[in-house]
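The values are calculated or read from the model by the stated rules, or taken from the named source; none is laboratory data. As the structure is a computational prediction, the values presented were derived from the model and not from experiment. For neighbour counting, all protein chains shown are included, and Cβ atoms are generated from backbone atoms with ideal geometry for every residue, glycine included. Just so you know, the surface numbers come from the protein's heavy atoms only, side chains and all, with ligands and any DNA or RNA stripped out. Shrake-Rupley method; radii C 1.70, N 1.55, O 1.52, S 1.80 Å.
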Amino acid sequence: GVVGIIEDIGVLEAGDYDVTGVVLNPADWAALAASQIPGATQSAVVSFVGNQMIIAGVPVFKASWVPAGKYAMGDWFWAKKIVVDGLGVEFFEQDVDNVIKNLITVRVESRVCLAVERPAAFIIGNVAATT
């Protein structure tokens, strides 16, 4: 939960990395956000600036690629998005019943990967409890 996230922020910062973001599965993010509603058990280290959740000064983001029950955090300076195949756009007039319905199917795709230059700059942790 929040305690584990805070402890891992400390671990990375003790290793001279600047933790620039925590990424949670949207369901875990929602559970943590709901626990911060007035009247719920509130944590002094979880806050919102606008609609951006912040834990101990570090922004928290939602991403469906993070498995439920896990979080990823780190110094994102040391991660780069690598484009393997550039953006491809294709149009198809014939796909099942497109002609009958007067439709066009569009396929838009790109292949990218995440290159981590310094694995020590990241921690994948378990969200034991989102309170």
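Here are the numbers:
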| quantity | calculated |
| --- | --- |
| Failed item, numbered, when ALA33 is tested on (1) modelled with pLDDT under 95; (2) in a strand (DSSP E or B); (3) open to solvent by less than 40 Å² (accessible area, probe 1.4 Å); (4) of a type in the set (A, V, I, L, M, F, W, C) | (2) |
| Enumeration of residues in the range 56-101 that are over 25 Å from GLY1 (Cα atoms), within 23 Å of the chain's Cα centre (by Cα) and among the acidic types (Asp, Glu) | ASP85 |
| Every residue from the range 1-16 that is modelled with pLDDT of 85 or more and either open to solvent by 40 Å² or more (accessible area, probe 1.4 Å) or of a type in the set (Gly, Ala, Ser) (or both) | GLY4, ILE6, GLU7, GLY10, VAL11, GLU13, ALA14, GLY15, ASP16 |
| Hits in the range 93-131 (condition: part of a strand (DSSP E or B), more than 24 Å from VAL46 (Cβ to Cβ), open to solvent by 70 Å² or more (accessible area, probe 1.4 Å) and not β-branched (Val, Ile, Thr)) | ARG107, GLU109, ARG111, LEU114 |
